[in-house]
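Here the structure comes first, spelled out in structure tokens, and everything after it is commentary.
The values are calculated or read from the model by the stated rules, or taken from the named source; none is laboratory data. Every value quoted in this text rests on a predicted model; they were computed, and no experiment measured them. Methodologically, a virtual Cβ is constructed for each residue, glycine included, from the backbone with ideal geometry; neighbour enumeration extends over all protein chains shown.
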């Protein structure tokens with residue numbers, strides 16, 4: 001079945017460091033791909049999305065490119081801030097007509113001042 | 001701020017009891033999905049409603065049931081609570097039945113079953 005695999009955390013970085021969180025997926029068909037962020041004690045907030053191959057989603061300095069050939073959607077940010085500390089979830093939807101989101105297990109990011 | 005609200009924010013129940021969780025979707029969002037997020041895990045799809053009818057279901061037993069109302073609100077009901085039902089329950093609303101539509105999540109209800 002469809003699945004999403006994320007790199008395990010926690011990821012600990014110093015402020016202004018470069019961030020990469022790896023995400024790969026397995027799906028039949030052509031899913032949409034999403035990154036959601038969850039701050040402590042809160043629900044999920046959409047960070048960015050891409051709906052077809054080679055699309056680049058971007059928001060708040062974060063970006064991810066839909067790579068069909070490598071089935072990946074890695075999240076990157078050039079310079080992280082303490083306020084970026086959160087849990088990041090990669091998700092897919094729409095594979096083979098399915099309507100549910102399939103999430104990865106999440107990657108906790110901690111940014112130190 | 002996604003415009004999706006959930007109540008209550010926290011809830012404590014005992015094993016065997018029943019619980020109802022509520023969600024209010026964004027106006028005009030006629031699809032609502034419910035997810036269970038266990039501690040340290042990603043959300044797991046429970047079911048989805050479109051125009052007040054169940055539109056699909058994940059791997060959850062029948063004691064998990066739902067309702068969607070015309071005013072964009074919805075409910076998740078869980079009967080015969082088990083300890084493993086302790087989790088954060090998230091609802092998400094979206095526009096239309098399209099499987100690729102962006103879902104907007106509420107803040108969740110944290111349920112503890114003792």
Selection from the range A:78-109 of residues touching a helix residue (DSSP H, G or I) at 6+ places or on another chain (Cβ under 9 Å) and either part of a helix (DSSP H, G or I) or away from chain B (no Cβ under 14 Å) (or both) yields A:109
Would you say residue B:64 is within 10 Å of residue B:76 (Cβ to Cβ), within 13 Å of chain A (Cβ to nearest Cβ) and at pLDDT 90 or above?
no
Failed condition for residue A:29, given (1) out of contact with any strand residue (DSSP E or B) (no Cβ under 8 Å at 6 or more places or on another chain); (2) in a strand (DSSP E or B), with all others met?
(2)
Residues being assigned to a strand (DSSP E or B) and either touching a residue at least 12 places away in the same chain (Cβ under 8 Å) or more than 13 Å from chain B (Cβ to nearest Cβ) (or both): count how many of those fall in the range A:32-49.
12
Looking only at strands (runs of 3 or more DSSP E) that fall completely inside the range B:1-47, which ones have 3 or more residues that are more than 13 Å from the chain's Cα centre (by Cα)?
B:10-13
Criterion first (within 10 Å of another protein chain (Cβ to nearest Cβ), over 26 Å from residue A:113 (Cα atoms) and either surrounded by 14 or more Cβ atoms within 10 Å (Cβ to Cβ) or at pLDDT below 95 (or both)) does residue A:52 satisfy it?
yes
Got a sec? Which of A:46, A:75 is buried (at least 17 other Cβ atoms within 10 Å of the Cβ), at pLDDT below 95 and out of contact with any helix residue (DSSP H, G or I) (no Cβ under 7 Å at 6 or more places or on another chain)?
A:46
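Yes/no matrix, rows are residues, columns are (1) touching a residue at least 60 places away in the same chain (Cβ under 8 Å); (2) buried (at least 22 other Cβ atoms within 10 Å of the Cβ); (3) within 14 Å of another protein chain (Cβ to nearest Cβ):
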residue	(1), (2), (3)
B:18	yes, no, no
B:28	yes, no, no
B:32	yes, yes, yes
B:55	no, no, yes
B:58	no, no, yes
B:107	yes, no, yes
B:114	yes, no, no
